[in-house]
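Here the structure is laid out as structure tokens; the discussion comes afterwards.
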């Protein structure tokens with residue numbers, strides 16, 4: 001389960017706004033959707049209102065964003081994992097590197113609800129998002 005949570009968070013949060021890279025935030029959503037199920041898998045690859053301006057800012061600077069996951073843990077107050085479902089918090093460092101200029105690093109986190117399927121663990125929901 002932690003491996004899928006790490007992989008999902010990385011696919012979801014990494015973006016390449018340089019020429020020839022991602023065309024929108026939805027490209028990262030499509031990558032993450034391979035590790036998701038249900039409505040979430042469908043929704044992840046869709047462009048959403050309000051994403052155009054932040055994406056334009058990344059494109060203007062040809063920014064690449066990379067993720068380094070620092071922890072995957074059960075959040076305080078969440079139920080303990082069972083063989084079929086688990087709530088986890090993925091904490092990561094997001095590094096934004098424009099084509100020119102200094103990199104910026106900041107700590108981010110993502111809450112996930114995972115379910116066990118015939119294909120293994122998959123993300124079913126982004127609770128509290």
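Look at (1) on the phi > 0 side of the Ramachandran plot; (2) in contact with a strand residue (DSSP E or B) (Cβ under 7 Å, 6 or more places away or on another chain); (3) modelled with pLDDT under 95 and you find that residue 77 fails only one, number (2).
Among the residues of segment 14-53, those identified as in contact (Cβ under 8 Å) with a residue 60 or more places away in the chain and out of contact with any helix residue (DSSP H, G or I) (no Cβ under 7 Å at 6 or more places or on another chain) are 18, 37, 38, 40.
Just one of the listed residues (67, 93, 72) is within 22 Å of residue 54 (Cβ to Cβ) and surrounded by 15 or more Cβ atoms within 10 Å (Cβ to Cβ), and it is 67.
Within segment 33-62, the residues that satisfy the criterion of being surrounded by 15 or more Cβ atoms within 10 Å (Cβ to Cβ), under 17 Å from the mean Cα position of the chain (by Cα) and farther than 19 Å from residue 111 by Cα are 55, 58. In the condition set (1) exposed (fewer than 11 other Cβ atoms within 10 Å of the Cβ); (2) closer than 24 Å to residue 16 by Cα; (3) touching a strand residue (DSSP E or B) at 6+ places or on another chain (Cβ under 6 Å), residue 84 is compliant with all but (2). All of (1) touching a strand residue (DSSP E or B) at 6+ places or on another chain (Cβ under 8 Å); (2) free of Cβ contacts under 8 Å to residues at least 12 places away in the same chain hold for residue 71 with one exception: (2). Among what's in segment 106-126 and is touching a residue at least 12 places away in the same chain (Cβ under 8 Å) and exposed (fewer than 12 other Cβ atoms within 10 Å of the Cβ), pick the residue that is nearest to residue 61 (Cα to Cα). So the residue we want is 106.
The values are calculated or read from the model by the stated rules, or taken from the named source; none is laboratory data. Note that the structure is a prediction, hence the values are computed from the model and not measured. As a convention, Cβ positions derive from the backbone with ideal geometry for all residues, glycine included, and neighbour counts pool all protein chains shown.
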